[in-house]
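S.K.: Here you go, one structure.
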Amino acid sequence: MSNQSCTKLDDTMHSAYTGSNFPVTEEQLVAVTGPVYTVARGYFDNYFNLQTAGADEVVIPTRGGDWFDGGQWRDMHFHTWSPEHNAVQNTWDWGYNAIGTCNRVLGVLEDAPESDTKATTISEIKTMRAWYYFLMMDLYGNIPLVTTFDTGGELPSTTPRATVYDFIVQELEENLVNLNTEKSEATYGRPTRWFAHALLAKVYLNAEVYSGTANWNKVVEHANAVINEGPYALENDFLAQFAPNNGSANTEPIFSIPYDAARATGNTLFNRVLHYAHRETFGLSVNPWNGWSAQPDYFDLFDDDDIRKQQWLYGEQQNAQGNPLIYNGMHIVIDPYGYNLLPGSDFDIGGADDGGRLAGARCIKYYPDSDHIGNDAGNDVVVMRLADVLLMKAEAILRGATNGTTAEALAAANLVRARAFPANPEKHFTASTLTLDAIYRERALEFTFELTRRTDMIRFGKWEDAMLFKPANSSETHKRIFPIPARARNNNTNLDQNPGYIN
């Protein structure tokens, strides 16, 4: 089990441990804690939708009838979601299922015999719970804070966002000392001390948004712990860390969620982005769904000599033999700028022909897995990596951290920038070009589809800006958090709705 780490885990909670039957060995603890990690695979499903579909990196228009889906993608793009929106409700359900699973596991482990293994395992589960709470607090703001599985039948009320923020920080600060420091196959997919430091840097980076008080020095402190003491290095090949065979051998990821096309399913991203005809390009056994694509202004951020532009499919497409790709008698030419809403349409750019179905560059950062099974690929999903930590440090210093210098910020940011432009040092940052606007742009270039963009846009004050079809909505700052779902409030009348939302 330890050799497989979290790639294959037992989804069943072993809650019948009593007396001498309590989990003691590492193998037993892995079996007990497995559900905490298997539930994490929902990160790349409903959470992905909610964090990504309303940002400026992507658009999911209707394409000749495909992808209308009750208007949910239109609502995400225009920021017109409601408490009944599918992604709003499903992501809440996923997040609180994950938190409840953590609480249930901690309850099982509470009376286990004391040991170093038990202490480490409990700290791992509390760190995972803090991560789940961070995701939910970032999305929904004021949320219930529950730390036990058995609440005695009393339904929880809404806790202020700043209080949840304090809880997350305290949990991570208190438990990181017990976490593993090694980077190995045995710790892959589980939270290490370095993940706790990186997550703390991320939480503190957004402290002003969450609590009203900035804490830039803490960002630098925890970023430095990873940079100076952690066993990580930037990948020489930017895209290698997202490939179908990625895993514990990659040098840059700090925390990843393992996926496997047969045993740990849920990575369906290749289906979302590829055109139907790309089946012939990548040797797939299914037709992709032809949906998610880049907004033109986002695509235009990438210079032609930026190696990160290699993640985009655009222009004339080819099959696996290098010949022009043809579908329904039409040459497949992906037009990054081909969006054109049909008159009187409902977010439809395609009509009845194939023209609109070719609009928008397609992201293959997570390279299509030719060994996929059905709709599931084997690429592990990177949650946190060293490049993010480096750019967080640089940003915090530029914003006013006093425990770092501008020279340090420049060095950190240029490690990321130099990989993108290895043959063009004139495009590296200088003291005059490294600004907050430059950091914001660099984060877009570096972290496409890594579920950071919405949070970044809010922190930089860009969330209400106009994009593609959506006009600016400067008066709707309440939409920086999503509404508490209608289903949750129907089940629990103690939950208050977030300000600005009805129901």
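The values are calculated or read from the model by the stated rules, or taken from the named source; none is laboratory data. It should be emphasised that the depicted structure is a prediction, and the values quoted were computed from it without experimental measurement. Note that we place each Cβ from the backbone using ideal geometry, even for glycine, and neighbour counts take in every protein chain shown.
S.K.: Looking at R443, R489, which is the one that is out of contact with any Asp or Glu (no Cβ under 6 Å at 6 or more places or on another chain), part of a helix (DSSP H, G or I), of a type in the set (D, E, K, R) and more than 30 Å from L342 (Cβ to Cβ)? Walk me through how you get there before you give the answer.
M.R.: Values: R443 fails: out of contact with any Asp or Glu (no Cβ under 6 Å at 6 or more places or on another chain).
Answer to the check: R489.
S.K.: Further question on the same structure: Can you name the number of the only condition in (1) buried (at least 18 other Cβ atoms within 10 Å of the Cβ); (2) at pLDDT below 95; (3) polar (S, T, N, Q) that T187 fails?
M.R.: (2)
S.K.: On to the next question. Could you tell me whether any residue of region 425-441 is among the acidic types (D, E), surrounded by fewer than 22 Cβ atoms within 10 Å (Cβ to Cβ) and in contact with a helix residue (DSSP H, G or I) (Cβ under 9 Å, 6 or more places away or on another chain)? Break it down into steps so the answer makes sense when it comes.
M.R.: Looking only at region 425-441, we keep the residues that are among the acidic types (D, E), and these are 426, 437.
This time we only want the ones that are surrounded by fewer than 22 Cβ atoms within 10 Å (Cβ to Cβ), so: 426, 437.
This time we only want the ones that are in contact with a helix residue (DSSP H, G or I) (Cβ under 9 Å, 6 or more places away or on another chain), so: none.
No: zero hits.
S.K.: Filter region 78-98 for residues that are out of contact with any Lys or Arg (no Cβ under 6 Å at 6 or more places or on another chain) and part of a helix (DSSP H, G or I) and give the result. Please lay out each step first, then the result.
M.R.: Start the filter on region 78-98 by keeping residues that are out of contact with any Lys or Arg (no Cβ under 6 Å at 6 or more places or on another chain), which leaves 80-88, 90-98.
Passing the criteria: N86, A87, V88, N90, T91, W92, D93, W94, G95, Y96, N97, A98.
S.K.: Scan region 117-132 and give yes if some residue there is of a type in the set (S, T, N, Q), over 20 Å from M384 (Cβ atoms) and crowded, with 23+ Cβ neighbours inside 10 Å, otherwise no.
M.R.: Taking every residue of region 117-132 in turn, at least one turns out to be of a type in the set (S, T, N, Q), over 20 Å from M384 (Cβ atoms) and crowded, with 23+ Cβ neighbours inside 10 Å.
S.K.: Let me confirm something: among V286, V273, which residue is of a type in the set (V, I, T), modelled with pLDDT of 95 or more, surrounded by fewer than 19 Cβ atoms within 10 Å (Cβ to Cβ) and more than 30 Å from L398 (Cα to Cα)?
M.R.: On the way: V273 fails: surrounded by fewer than 19 Cβ atoms within 10 Å (Cβ to Cβ).
One residue alone meets the criteria, V286.
S.K.: Looking at P258, P231, can you tell me which residue is in contact with a strand residue (DSSP E or B) (Cβ under 6 Å, 6 or more places away or on another chain) and under 18 Å from R190 (Cβ atoms)? If you could, list the steps in order and put the result at the bottom.
M.R.: On the way: P231 fails: in contact with a strand residue (DSSP E or B) (Cβ under 6 Å, 6 or more places away or on another chain).
On inspection, the qualifying residue turns out to be P258.
S.K.: Counting only residues that are out of contact with any Lys or Arg (no Cβ under 7 Å at 6 or more places or on another chain), among the aliphatic types (A, V, I, L, M) and within 28 Å of Y327 (Cβ to Cβ), how many does region 252-285 have?
M.R.: Residues meeting the conditions: 4.
S.K.: Which of the residues belonging to region 480-503 are of a type in the set (S, T, Y) and farther than 13 Å from W81 by Cα? Lay out the reasoning, then the answer.
M.R.: Initially, region 480-503 is screened for residues of a type in the set (S, T, Y), giving 493, 501.
T493 - this is the single residue of region 480-503 that is of a type in the set (S, T, Y) and farther than 13 Å from W81 by Cα.
S.K.: Can you confirm whether region 192-206 contains a residue that is in a helix (DSSP H, G or I), of a type outside the set (G, A, S) and farther than 24 Å from T147 by Cα? Talk me through it step by step, then tell me what you get.
M.R.: Restricting attention to region 192-206, the residues satisfying the condition of being in a helix (DSSP H, G or I) are 193-205.
After this cut, where a residue has to be of a type outside the set (G, A, S) as well, the list is 193-195, 197, 199-200, 202-205.
Narrowing the set further to residues that are farther than 24 Å from T147 by Cα leaves 205.
Scanning region 192-206 turns up at least one residue that is in a helix (DSSP H, G or I), of a type outside the set (G, A, S) and farther than 24 Å from T147 by Cα.
S.K.: Now for a separate question. Go through (1) surrounded by fewer than 21 Cβ atoms within 10 Å (Cβ to Cβ); (2) closer than 20 Å to S211 by Cβ and name the single condition F149 misses.
M.R.: Status for F149: all satisfied but (2).
S.K.: If you don't mind, there's one more thing I want to ask. From the list Q310, Q321, pick out the single residue that is surrounded by fewer than 20 Cβ atoms within 10 Å (Cβ to Cβ) and free of Cβ contacts under 8 Å to residues at least 60 places away in the same chain. It would help to see each step written out before you state the result.
M.R.: On the way: Q310 fails: free of Cβ contacts under 8 Å to residues at least 60 places away in the same chain.
Sole residue among the options that is surrounded by fewer than 20 Cβ atoms within 10 Å (Cβ to Cβ) and free of Cβ contacts under 8 Å to residues at least 60 places away in the same chain: Q321.
S.K.: Within region 102-118, how many residues are touching a Leu at 6+ places or on another chain (Cβ under 7 Å) and among the β-branched types (V, I, T)?
M.R.: Narrowing region 102-118 to residues touching a Leu at 6+ places or on another chain (Cβ under 7 Å): 117-118.
Checking the rest, the ones that are also among the β-branched types (V, I, T) come to 117.
Total meeting the criteria: 1.
S.K.: If S345 passes every condition in (1) more than 22 Å from A243 (Cβ to Cβ); (2) in contact with a Leu (Cβ under 7 Å, 6 or more places away or on another chain) but one, which one does it miss?
M.R.: (2)
S.K.: To continue, here is another question. Of a type outside the set (V, I, T), without any contact (Cβ under 8 Å) to a residue 40 or more places away in the chain and surrounded by fewer than 22 Cβ atoms within 10 Å (Cβ to Cβ), is that true of G355? Can you show your working first?
M.R.: Working: of a type outside the set (V, I, T): yes; without any contact (Cβ under 8 Å) to a residue 40 or more places away in the chain: yes; surrounded by fewer than 22 Cβ atoms within 10 Å (Cβ to Cβ): yes.
Considered against the rule, which asks whether it is of a type outside the set (V, I, T), without any contact (Cβ under 8 Å) to a residue 40 or more places away in the chain and surrounded by fewer than 22 Cβ atoms within 10 Å (Cβ to Cβ), G355 comes out as yes.
S.K.: Return the residues of region 410-429 that are closer than 20 Å to L239 by Cβ and touching a residue at least 60 places away in the same chain (Cβ under 8 Å); say none if nothing qualifies.
M.R.: L415, V416, R419, A420, F421, P422, A423, N424, K427
S.K.: Within region 358-374, identify whether any single residue is buried (at least 22 other Cβ atoms within 10 Å of the Cβ), aliphatic (A, V, I, L, M) and farther than 18 Å from P288 by Cα, and answer yes or no.
M.R.: no
S.K.: Residue by residue through region 297-307, note down the ones that are closer than 25 Å to A466 by Cα, surrounded by fewer than 16 Cβ atoms within 10 Å (Cβ to Cβ) and in contact (Cβ under 8 Å) with a residue 40 or more places away in the chain.
M.R.: Answer for region 297-307, where residues must be closer than 25 Å to A466 by Cα, surrounded by fewer than 16 Cβ atoms within 10 Å (Cβ to Cβ) and in contact (Cβ under 8 Å) with a residue 40 or more places away in the chain: D297, D303.
S.K.: Please find, among Y366, Y339, the residue that is in contact with a helix residue (DSSP H, G or I) (Cβ under 9 Å, 6 or more places away or on another chain) and within 26 Å of T265 (Cβ to Cβ). Steps first, please.
M.R.: Working: Y339 fails: within 26 Å of T265 (Cβ to Cβ).
The unique qualifying residue is Y366.
S.K.: Let me ask another. Exactly one condition in (1) surrounded by fewer than 19 Cβ atoms within 10 Å (Cβ to Cβ); (2) assigned to a loop (DSSP other than H, G, I, E, B); (3) not β-branched (V, I, T) is not met by L415; state its number.
M.R.: Here L415 meets the rest and fails (2).
S.K.: Could you please tell me which pairs satisfy a Cβ distance under 9 Å, a separation of 6+ or placement on different chains, a first residue in region 430-443 that is closer than 12 Å to R399 by Cβ, and a second residue that is among the charged types (D, E, K, R) and part of a helix (DSSP H, G or I)?
M.R.: Pairs that qualify, where the first residue is closer than 12 Å to R399 by Cβ and the partner is among the charged types (D, E, K, R) and part of a helix (DSSP H, G or I), are L436/E395; L436/R399; I439/E395; Y440/E395; Y440/D456; Y440/R459.
S.K.: Against the definition (assigned to a helix (DSSP H, G or I), of a type in the set (A, V, I, L, M, F, W, C), within 27 Å of T187 (Cα to Cα) and over 20 Å from the mean Cα position of the chain (by Cα)), how does I168 come out, yes or no? Steps first, answer last, please.
M.R.: Values: assigned to a helix (DSSP H, G or I): yes; of a type in the set (A, V, I, L, M, F, W, C): yes; within 27 Å of T187 (Cα to Cα): yes; over 20 Å from the mean Cα position of the chain (by Cα): no.
Judged against the criteria, I168 is not a match.
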